[in-house]
Amino acid sequence: MSAEGFRTLADQLRGWPDARLSRLLLARPDLATPAPHDSGQLASRAATRSSLLRALDQLTRLELCVLDALVVAGQTTRAELVSIVHADPAATTAALEHLTDLALVWDSPTGPRALSGVAEGLAGGPGAGVSGLRTRSPEPMAPEVVARRLDELSAPARTLLEHVLDHGGEATTGTSRHTVSPAEAATPAEELLARRLLVPRGGGSVVLPGEVGLVLRGGRTTTDRVDDVPTLPTVERSAAMVDKVAAGAAFEAVRRVELLLDHWGTHPPAALRSGGLAVRDLRAASVLLHVDEATTALLIETASAAGLLATGHAAEGEAAWLPTDELDRWSTRSPAERWWVLARAWWDSNRLPGLVGTRDPAGKTWNALAPELSGVHQVETRQLSLRELAALPPGEVLASGTGLPALVARVAWLRPRRPRTRADQVAWALNEAEALGVGGLGGLASYARALVGGDETAAGVSALDALVPAPVDHVLLQADLTAVAPGPLESTLAKRLQLLADVESRGGATVYRFSSSSVRRALDTGWSALEVHDFISSVSRTPVPQPLTYLVDDTARTFGSIRVGHAEAFLRADDEAALSEVLHHPRASSLGLRRIAPTVLVSTTPLDVLLPRLRELGAAPVVEGPDGTVRVARPDQLRARTPRDRRPEGLRAARGSATVSAVVTAVRAGDRAASSRPTGAGQALSPSGSLAALREAVETGASVLIGYVDNHGTRSERVVDPRSVEGGTLTAHDHRADDLRSFAVHRITSVAPVAP
Amino acid sequence: MTDGPLIVQSDKTLLLEIDHERAQDCRKAIAPFAELERSPEHIHTYRLTPLGLWNARAAGHDAEQVVDTLLEFSRYAVPHSLLVDVAETMARYGRLRLEKHPTHGLTLATTDRPVLEEVLRAKKVQGMLGERVDPDTVVVHASERGNLKQALLKIGWPAEDYAGYVDGEAHPIDLDESDWTLRDYQREAAESFWHGGSGVVVLPCGAGKTLVGASAMAHAKATTLILVTNTVSARQWKDELVRRTSLTEDEIGEYSGAVKEVRPVTIATYQVLTMKRKGVYPHLELLDARDWGLIVYDEVHLLPAPIFRMTADLQARRRIGLTATLVREDGREGDVFSLIGPKRYDAPWKDIESQGWIAPADCVEVRVTLPDDERLVYATSEPEERYRIASCTHRKTEVVRDLVERHADQPTLVIGQYIEQLDELGAALEAPVIKGETSVKERQRLFEAFRSGEERLLVVSKVANFSIDLPDAEVAIQVSGSFGSRQEEAQRLGRLLRPGHDGKVARFYTVVSRDTVDAEFAQNRQRFLAEQGYAYRIVDAEDIPDLTT
């Protein structure tokens, strides 16, 4: 920055070193895309309204106040600016420097100057750094003059002035005269106008000049200090404790995502037409995972953000939420790496799972995974909140009761121009962080600092691996037929055990319960009792309880004692020899006969084929009904049912005549219409009309003149003898070609009779 | 990750590995707030319930202590949602207080106005509350003190009762410790009850609950109503009180089916109080017969439902509940909590163990196979007949005879449900049969003979064993039975079977028919017994000769 200032912002930018310029482009990335041609273009782009607003949104309350003061002061010097901002001078200077860095303020020869669009862009109340003062008059009264004139005021006039100041600095004066001398002033308003403490602006309104406001507020733009950053109340908690709690949540979150997605892989929930997840499915997931619906929604949204869940098509082809193939890759990683994937996805996600279950302004319930369930500011608020947590001194965490409101206030100070839902968003950020194990007990987990620090790699999270349960390779078997795995089981082991026993309780440990049905399930998939015994005793650290051994043997004993198969027909005879004879007949091989008991054969041939074939073989079978009785059959004589009309004679006759008369009426009406229509050859007909005319010609064998549009769009008229009309095509003898031709009916524009 | 003995599951169960070196410490630390659910051989399962947490609150533990205990002993990180839930649940207790207001009488006051607002709008408490005295206080109709507490518990805001008690009619009662002394834990139990006002003392069977009751009476020094389960128990109470306190036989009345005496200390059975004639309880007036200063409930876990309703009207009197377990089959633990009071004392686990609560008996299930003809009958019978057919098979008689012979020198009871089966067994075993129709006198005689060793073998029906305190035995053989309350069954089992004098393990045989509903029932019980820590085995009838005795 040069001491004498620059002519324009562009000049100033031109004078900046590269490092400072690149800092600007980093802070306001929208200026860099597309790359501006020169500093002039860069400067003009920096002054566009949309870019300005975006930059203003990134300012803290102090910075906004400094900017506001600059606007109020108009033409001013650095020293004067520092004096009218109600804050520590060093802080004001630093803020001004930052504003200059952002190219919102530039140094003119007369002093610092805000970009012209800034005044318009500053909006909101004192919370957003807006003092509500007007810009000073071009030639402002000196503060001493203002102070003297204020002293002269009557009490009502003073009150009126303060009222105007607190309500936007603008008022309408009604009947007050605008040009009076102090001596003539009759009303408080006239008193003010006469002393130029209110200045007429035309249209009957008056404004309070900035310099007056400044004096009223004691020479500053605000009466309150603007550099008081809200402090965060903290309590002491050892970092190890925070890590432990957070790691617990992290492990649970990973476990639950995996459990849910595994479940959805076989029982996918339908995707709503609007794209979300049905409330019922969310509730079912919440029951499955043993967590409330809010946390369930968070886990689902996070899985989706991490690319582990997406819409696809279920077995029957309907749209459904399905785990992606990424899940298979994800599942093979260590718990810490899996957590990292989820946490990273959450960190950058603009989704608002906190809204799930509540209603939108239209009264519609927000569904999880609904496409519109996202907010543009969510990412920023989340990251700001967690950075604040990360900045807490080591060994201290946010106090449980007062911490949240204070954090909301702090975030409000840091980004005053953000929307009113901020309090919710900060609370969500903290809740979500705790539910996902990014933090716990109001503090940030040490292994999550890499995340907050913007680290892209999972290098920092290996610390988490030490905090989550290590996989175990054994279970403890108990006489009440449970097996407890005192930690997460190795995955192959877990899969096998899940086949053999039902899961009863999940968490750090897993409790399995053996029952005859669960053991049977394993036998169904081809295990033998011996394999079951071997497996059980190999995974158990303790002796296998006798009741469990007994259960397996007992289940295996009855397993398969009843055999089921498929047959089309059976053959039964008390005479075993007769069945043997059929079975071994040389021509019986094609019948698919099999002996399943001395007196029973089954066949894969259906009964109606089997019966004549058996007779051919010389057997004399009879058919047995489902109830065991013999069915004898003689060749069927076919008969149709006599059609019967049940309606009474009179009614039938009446209906008949009514139908006829209606038809007649219609026909007559049609005739009248036809006769009143002007006739002429080549007249365009409706499609049904031309069809009718053609059909009529087919019937009568008459020649007709048709108008026809061919492939090239050329219209021609031909005389043809229609032969048939079918499938939208007219087949007719064309007089001109003297041959049979086909015409597309829809191209026939007119049909007219040709006089014979 | 620490190497703790406890694994905290997200479904609020706590798994305690009992072979762990710190298991004992952990067990002691979690006992105040977690309910023991299952105790098989390696891993015990505890459960965190709102009631358990509120009991802990009432006993002066706070959420931070609970959370710290969980974190300290947990092997893995504790699920965050569970910690939040613990804190929230515990914070619910004590937001509302029942108090005695100098001018308005009984009032419900709150430290948290929104809670009061929520409660005032709850349907369940409609009609129990009167006018609002100030924003934080509302008048309670005096008659609704108990009902209100019940209702508040149901809507999740249990109230602490600070409204105090009437002193009742004074009556001098002292412990007579000339030839015995109160054990430390008994003294502690009585004192913590007295300081708490009302509540439940949990002590294992045989730990001297009667003496805790007597000690509480000595604290109260007022007329006392004692409610017990049956007449036998009433007599035991009376004997014990005469022996251990300054009370004489004349001061103690018995109010039962047979005798109706109302004395300064009156012992009544639940049965007589809950007897209903023409739609009314004729003996309910006993509760108002005197200005009782103390009411003692024996075996709270068996308290019948009508007693709860009566107790709701007795909230101004001090109440002490005595029990071995807070778990109720009917799930009315909440009513015990709100009407009698929170848990005031819990015996240290080590004591319970030394009382023989764990593994007192070796349970053997003997499976018999129905002969083909009976199997056919079973398969084609109506569902309601099936259990009887399955459990009365003749094969069982043969097996029972085998078993009885194996334990010829030990006192043995054969227990069954069906009279015809019992008669058949009696004949086959040449043993006396006690059933519903057996006279009390005959019953007493046979039991006495059994106790003295004159009779080695009795066949008893379920009916018989419900009504009368069965004598101890070393071997019990159950051939049929409807398994009513599993808790009761285990307790009876523990009481019934004591190890033999020569250190022989007591045996409990159950003979069941394979592949029938009988076996299905047995499976439930097998699970329950195993969960209670009983050793359990299943053998086929053919393998009995291989059993070691």
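All of the numbers you see were taken from the coordinates with simple rules; none came from a lab. Here the structure is a predicted model, which is why all the values come from computation and not from measurement. Here the Cβ positions follow ideal geometry from the backbone for every residue, glycine too, while neighbour counts run over all protein chains shown.
The table for this structure:
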read-out	value
Computed E for residue B:261/residue B:327 - FRET, C-beta separation, R0 30 angstrom, nearest 0.05	0.30
Relative contact order (%) - the stretch B:184-353, alpha-carbon pairs under 8 angstrom, separation at least six	33
Relative contact order (%) - criterion: Cα under 8 Å, at least six apart; region: the stretch B:96-161	35
Sum of side-chain charges, residue B:13 neighbourhood, beta-carbon under 11 Å (Lys, Arg +1; Asp, Glu -1)	0
Test item: A:473-479 mean partner chain Cβ contacts at 10 Å	5
Global form of the stretch A:9-128, assessed from the alpha-carbon gyration tensor, a/c cut-off 1.5	prolate
Neighbouring partner chain Cβ atoms per residue of B:510-523, average, 10 Å criterion	1
Residue A:116 paired with residue A:326, simple spin-label distance in nm, labels 7 Å along Cα-to-beta-carbon	4.8
Computed [θ] at 222 nm, helices only, for the protein assembly as shown once each DSSP H run of length n ≥ 4 contributes -39500 (n - 2.57)	-12500 deg cm²/dmol
Lys/Arg +1, Asp/Glu -1 at C-beta; the protein assembly as shown dipole; positive extreme among B:411, A:377, B:377	A:377
Spin-label zone in the stretch A:557-586 - amide nitrogen under 19 Å from a point set 7 Å from the Cα of residue A:595 along the C-beta vector	A:569-586
Helix axis angle, B:440-452 relative to chain B longest principal axis, alpha carbon, degrees	80
Theoretical gain in end-to-end length, residue B:195 to residue B:103 [0.36 nm per residue, Cα-Cα removed]	30.5 nm
Inter-chain Cβ neighbour average for residues B:32-41, partner chain, 10 Å	2
DSSP H segments from chain A that extend 20 Å or more along their own axis, Cα-based, with Kyte-Doolittle mean of -1.0 or above	A:239-266, A:422-436, A:649-676
Mean Cβ count within 10 Å, highest first, over the residues of peptides A:547-555, A:731-739	A:547-555, A:731-739
Largest to smallest principal axis extent of the C-alpha atoms in chain B, angstrom	78, 64, 53
Convex hull (Cα only) mean projected area of the stretch A:569-626, reported in nm² to one decimal	3.7
Positive-end residue, the protein assembly as shown charge dipole about Cα centroid, Cβ charges, pick of B:422, B:139, B:475	B:139
Net lengthening on full extension, residue B:169/residue B:249 (0.36 nm per residue, minus Cα-Cα)	26.9 nm
Net charge of neighbours whose Cβ lies under 13 Å from the Cβ of residue B:66, counting Lys and Arg as +1 and Asp and Glu as -1	-4
Pairwise label distance in nanometres, residue A:726 with residue B:448, each label 7 Å out on the Cα-Cβ vector	11.4
Dipole axis of the protein assembly as shown (+1 Lys, Arg; -1 Asp, Glu on Cβ), positive-most option in A:299, A:350, A:203	A:203
The protein assembly as shown - charge dipole about Cα centre, Lys and Arg +1 at Cβ, Asp and Glu -1, debye rounded to 20	4560
Three-way shape call for the protein assembly as shown based on the alpha-carbon gyration tensor, with the a/c threshold at 1.5	oblate
Lysines whose Cα lies under 24 Å from that of residue B:435, excluding same-chain neighbours fewer than 8 positions away	B:396, B:462
For chain A: rounded, prolate or oblate by the Cα gyration tensor [a/c cutoff 1.5]	oblate
Residues in the stretch A:689-724 that a label on residue A:740 would reach, taking backbone N under 14 Å of a point 7 Å out along Cα→Cβ	A:721-724
Rel. contact order, % - alpha carbon contacts under 8 angstrom, at least six apart, the stretch A:9-128	31
Estimated FRET transfer efficiency when R0 is 41 angstrom, pair residue A:630-residue B:386 (beta carbons, to 0.05)	0.70
Label-point gap, in nm, between residue B:372 and residue A:179 - each point 7 angstrom along Cα→Cβ	13.1
By average C-beta atoms within 10 angstrom, highest first, the peptides B:407-419, A:165-177	B:407-419, A:165-177
Around residue A:121: net Lys/Arg minus Asp/Glu count, Cβ-Cβ under 11 Å	0
Extension gain, residue A:517 back to residue A:700 (0.36 nm per residue minus Cα-Cα distance, nm)	57.8 nm
Calculated FRET value between residue A:546 and residue A:270, using beta carbons and R₀ = 35 Å, to 0.05	0.15
